[in-house]
Amino acid sequence: MKSILTSRLVDSQSSLSRLLKMAASRNGRLLSTGSNKGDGTLGDKQPSTEKILVFGGNGFVGSHICREALERGLTVHSLSRSGRPSYQDSWTNSIVWHQGDLLSPDSFKSAMTGVTSVISCVGGFGSNPHMYRINGTANINAVIAAAEQGVKRFVYISAADFGLMYYLLRGYFEGKRATETELTKKLPHGGLVSFSLALILDFCLYCLQLGVILRAGFIHGTRRVGQMKLPLSVIGAPLEMILKRAKLLSKIPLIGPLFIPPVHVTSVAKVAVTAATDPTFPPGIIDVYGILQHGH
Ligand SMILES: NC(=O)c1ccc[n+]([C@@H]2O[C@H](COP(=O)([O-])OP(=O)(O)OC[C@H]3O[C@@H](n4cnc5c(N)ncnc54)[C@H](OP(=O)(O)O)[C@@H]3O)[C@@H](O)[C@H]2O)c1
């Protein structure tokens, strides 16, 4: 009995790997191991059949994601309420800018035509009901539209738990978690593996849609505010250096989350684009330490 189970497991795993290879070649590119070292994978600047849509591509994180995706030769579209950013950096001419509001599903459906992957960087602060709408409702609308459209990957820039901050920013965190739940429901992820490898094989054959949730803490880098550039790394970089070596501190009850290391915006961008385009990238929740690991 034990040997039958073992052989079934091995069969399932090799079938899964074959399946992923099939899926990758169907997308017209080779599998990536994540190292991206000139083997025809994500690091190459060759024309790609991938069309990536970044919700909130004119924001702080979104603009870095757009640039990262362009550097990898992808076709990049962005959608937000204001569309094209007011500044005139040369990379902005290579993006297709759409105007739309995720709170009005009809305003963004046409931008989703032919999209293979979506990354959502839409979020914000304000009153609790407003934070829920922008971090929750707006993104849930995006997840529903992407699932209907049959996009194969949806990456959501979420937020790490911040202990006591949860109570101060309840609408923000409840919105984030509601979107994560919808994403897991509409574009299920690797959690199914523990249920049955055979089932996930069947599922993958039927539908290759997968959701990835990046739970970042404080994201640092250079943030534009109007014509000003805020060098957030002045504080973020040294904190990241210290705190990434003190993972145990983040486990302290209640105050532990305050020790979650900040992460540079380019690391988030790298991981988001890889997660959106590399079928071997693990779906599900990626925490700050995962972002730091995959982002280098
Ligand atoms: N920055 C951080 O330290 C940090 C940390 C953890 C998690 N995050 C998360 O990462 C994501 C990006 O953060 P960020 O700092 O880059 O924020 P940001 O600069 O404020 O960007 C937010 C983007 O969302 C767009 N947007 C807002 N409401 C929209 C709507 N209804 N429909 C369509 N687009 C809309 C905005 O453009 P328009 O105004 O033109 O619509 C903007 O492009 C957010 O979800 C945030 O919660 C950020």
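The values are calculated or read from the model by the stated rules, or taken from the named source; none is laboratory data. Note that this is a predicted model, so its numbers are computed, not measured. Ideal geometry is used to build each Cβ from the backbone, glycine not excepted, and the neighbour counts take in all protein chains shown.
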What pairs come up if the first residue lies in segment 67-94 and is more than 23 Å from residue 141 (Cβ to Cβ), the second is within 14 Å of the ligand (Cβ to nearest atom) and of a type in the set (Gly, Ala, Ser), and their beta carbons are under 6 Å apart, counting only those six or more places apart or on different chains? 68/269
Return only the number of the condition from (1) within 18 Å of residue 155 (Cα to Cα); (2) in contact (Cβ under 8 Å) with a residue 12 or more places away in the chain; (3) surrounded by 14 or more Cβ atoms within 10 Å (Cβ to Cβ) that residue 114 does not satisfy. (3)
So which of 295, 284 ends up being within 22 Å of residue 67 (Cα to Cα) and of a type outside the set (Phe, Trp, Tyr)? 295
Inspect segment 154-171 for any residue being loosely packed, with under 15 Cβ neighbours inside 10 Å, among the basic types (Lys, Arg) and under 30 Å from residue 252 (Cβ atoms) and give the result as yes or no. yes
Residue tally, condition closer than 17 Å to residue 165 by Cβ and not in a helix (DSSP H, G or I), over segment 264-288: 1
Segment 100-127, residues that are touching a Phe, Trp or Tyr at 6+ places or on another chain (Cβ under 8 Å), away from the ligand (no atom under 11 Å from the Cβ) and of a type outside the set (Ser, Thr, Tyr): 118
Restricting to segment 257-281, give me the number of residues that are surrounded by 16 or more Cβ atoms within 10 Å (Cβ to Cβ), in contact (Cβ under 8 Å) with a residue 60 or more places away in the chain and farther than 23 Å from residue 66 by Cβ. 2
Working only within segment 75-133, note down all residues that are farther than 27 Å from residue 172 by Cα, outside any strand (DSSP E or B) and among the β-branched types (Val, Ile, Thr). 92, 95, 113, 115, 116
Take segment 215-227 and flag every residue that is more than 8 Å from the ligand (Cβ to nearest atom), small (Gly, Ala, Ser) and at pLDDT 95 or above. 221
Considering segment 138-176, residues that are free of Cβ contacts under 8 Å to residues at least 40 places away in the same chain and within 14 Å of the ligand (Cβ to nearest atom), and then whichever is nearest to residue 284 (Cα to Cα), we arrive at 173
Check segment 176-185 and report whether any residue there is modelled with pLDDT under 95, basic (Lys, Arg) and either touching a strand residue (DSSP E or B) at 6+ places or on another chain (Cβ under 8 Å) or part of a helix (DSSP H, G or I) (or both). yes
Any residue in segment 228-244 that is more than 14 Å from the ligand (Cβ to nearest atom), free of Cβ contacts under 8 Å to residues at least 12 places away in the same chain, in a loop (DSSP other than H, G, I, E, B) and more than 24 Å from residue 89 (Cα to Cα)? no
Residue in segment 270-281 that is modelled with the lowest pLDDT, counting only those that are within 13 Å of residue 52 (Cα to Cα) and either within 16 Å of the ligand (Cβ to nearest atom) or among the acidic types (Asp, Glu) (or both): 278
Hey, does segment 75-97 have a residue that's aromatic (Phe, Trp, Tyr), modelled with pLDDT of 95 or more and near the ligand (Cβ under 9 Å from one of its atoms)? no
